[in-house]
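Before any comments, here is the structure.
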Amino acid sequence: MKKQLPTWCSNRSAACLLHMTSLPSYFGIGNLGKHAYEFLDFLKASGFSSWQTCPVGPTGYGDSPYQVFSSFAGNPYLIDWEPFMTAGLIKNYELEPLYQLPRDFVDYGLLYERFFPLARLAHSRFSENTKVLSELYGSYENFHEENQTWLPSYAGFQSYKKQFSSQPWWEWPKDHRTTFPVSAENTEYDFQVFLQYLFRGQWKKLRSYGNSLGISFIGDLPIYAAPDSSEVWADPALFQVDEKTGEFTHVAGVPPDYFNADGQFWGNPLYQWEVHQQDDFSWWMDRLAGQLELFDVVRIDHFRGFHDYWSIPNDSKDAKLGTWKKGPGLKFWKVAEKRFPELPFLAEDLGLISEQVRDLRDSAGLPGMAVLQFAFDGDTENLYLPHNLKESLVLYTGTHDNDTTQGWYESSSEEVRGNFRNYLNVSGNSAPWDLLRFAYRTISPLVVVPVQDLLSLGSEARLNEPGFAMGNWKWRLSEAQLGDLFRESSSYLRLQAEITGRLPLSFS
């Protein structure tokens, strides 16, 4: 039975999509410093109600925020260095290796080489006086105590990862492949706690500032944990892992479809849902709670997996050999509603989705997603065409996986471009703004627009191209472009929000 939408998306509003790493900064990657605060000021001035990001966890091979070492931990790269200079933990000249990094894209290889030696230097000085940052971020000791559900296993995992040359946990010595006590006095363990203390402290201050402006934060949570993560290492019984060998028995992916004849072999370990149900999904509820300590609303990536999931034998390495298995269904979401009555979740239900999956989403009371770039194939029954949209769908002009709207329009067939022009009754000379104006005028309760579209940027500004493991997540907004947004776009965006009923009620 369909339920009413949760209150968080009951009012018409607009959000801007910008991954944190794409912010301007002086340190090689976007961070939680002054430009993040300036971006919040821009959102406020432009009539936006929310800032949506990709996951903010610590990334590994491939640099994807959707394959992180922990769903609870924050990405150390996002830490702002300015407060450490004020506190005497690092000197300005010592940061020269970071100042020399590119500012128009992220060079993850160089960043890795230069960031951590400087962070360890700051940690060595912090260790002499752990109270030096307490006025900014609270008690260091209390932080450690208050995050016992995830921090010890994460810090221990990273300690062993350092000890074993960054190898994945299944290649460690056998007596370290399952959780093994790590002393809190271990320098590497304490270093990892230090990084998380800084991230959480800075995040809380940024979120508090945003919330004071009336801006909420929308996060993103992959349904599956990364194979090489502290969560799988610490709790293998929750996953489809062979008890004797420690190897994954079945892994996640998607079957062949019109777009990919071979399907997709993701390699993430699947859940032992029967085990999770025995304690009312407590691990998952803690996982969701951890996200809600960071965000006001959380998008759940690959929502379909709660209804049914593609199970691939790990030894096959071929997505075509998988089979459909049943997920936990509505049982999961009834437990979630008890824990989180306001249901601050958004279901990612894109692609070839069955009516049963949509029924589960509706029964759970969650909004789904629609993407305007997918609407113009010439089919008048296309679910993403504005005349077919439902109030239960959050509308994106494009997502982090899409090309920018300008890039999409330029690379589309003439048939698609013609459908776009005819449907919107436009010339196509300003596709990003045409799409934005039309999106704002739809019935969708929330419209999400990538920041690249506010600058009419082309494919050079694409953040991610699915199917390519390397070379993604590098694009960055320049300091000049952030200034251009203020000067050239904020007044017009505010007007569009106002005339379409998307201006926040608290706007002043």
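The values are calculated or read from the model by the stated rules, or taken from the named source; none is laboratory data. These figures come from a predicted structure and were not determined experimentally. Cβ placement follows ideal geometry from the backbone for every residue including glycine, while neighbour counts extend to all protein chains displayed.
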Check your understanding: Which one of the conditions (1) buried (at least 20 other Cβ atoms within 10 Å of the Cβ); (2) within 24 Å of Phe295 (Cα to Cα); (3) at pLDDT 95 or above; (4) not aromatic (Phe, Trp, Tyr) does Asp403 fail to meet, given that it meets all the rest?
Key -> (2)
Point to revise | Residue match in the stretch 284-296 (condition: at pLDDT 95 or above, surrounded by fewer than 16 Cβ atoms within 10 Å (Cβ to Cβ) and not hydrophobic (A, V, I, L, M, F, W, C)) | key: yes
Review point. Within the stretch 77-105, which residues are outside any loop (DSSP other than H, G, I, E, B), surrounded by fewer than 19 Cβ atoms within 10 Å (Cβ to Cβ) and under 22 Å from the mean Cα position of the chain (by Cα)?
Key: Phe105
Review point. Any idea how many residues of the stretch 450-488 are closer than 21 Å to Phe438 by Cβ, at pLDDT below 95 and buried (at least 18 other Cβ atoms within 10 Å of the Cβ)?
Key: 1
Review point. Restricting the search to the stretch 131-183, which residues are of a type in the set (Val, Ile, Thr) and at pLDDT below 95?
Key: Thr149, Thr178, Thr179, Val182
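Just to be sure, is Arg103 in contact (Cβ under 8 Å) with a residue 40 or more places away in the chain, closer than 17 Å to Asn75 by Cβ and basic (Lys, Arg)?
Working: in contact (Cβ under 8 Å) with a residue 40 or more places away in the chain: yes; closer than 17 Å to Asn75 by Cβ: no; basic (Lys, Arg): yes.
Against the criterion (in contact (Cβ under 8 Å) with a residue 40 or more places away in the chain, closer than 17 Å to Asn75 by Cβ and basic (Lys, Arg)), Arg103 does not qualify.
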Study note, to complete from the structure: Thr245: passes all of (1) under 27 Å from Glu293 (Cα atoms); (2) in a loop (DSSP other than H, G, I, E, B); (3) hydroxyl-bearing (Ser, Thr, Tyr) but (1)
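Would it be correct to say that Asp41 is in contact with a Lys or Arg (Cβ under 8 Å, 6 or more places away or on another chain) and of a type in the set (Asp, Glu)?
It is false that Asp41 is in contact with a Lys or Arg (Cβ under 8 Å, 6 or more places away or on another chain) and of a type in the set (Asp, Glu).
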Point to revise | Options Phe157, Phe191, Phe199, Phe164: the member that is touching a His at 6+ places or on another chain (Cβ under 8 Å) and touching a residue at least 40 places away in the same chain (Cβ under 8 Å) | key: Phe191
Exercise for review: Considering every residue within the stretch 421-429, establish whether at least one is surrounded by fewer than 16 Cβ atoms within 10 Å (Cβ to Cβ), not in a loop (DSSP other than H, G, I, E, B) and not aromatic (Phe, Trp, Tyr).
Suggested key: yes
Check your understanding: Checking Pro222 against (1) at pLDDT 95 or above; (2) surrounded by fewer than 15 Cβ atoms within 10 Å (Cβ to Cβ); (3) not hydrophobic (A, V, I, L, M, F, W, C), which single condition isn't satisfied?
Key -> (2)
Exercise for review: Could you identify the single residue in Arg502, Arg462 that is in contact with a helix residue (DSSP H, G or I) (Cβ under 9 Å, 6 or more places away or on another chain), touching a residue at least 40 places away in the same chain (Cβ under 8 Å) and closer than 25 Å to Asn211 by Cβ?
Suggested key: Arg502
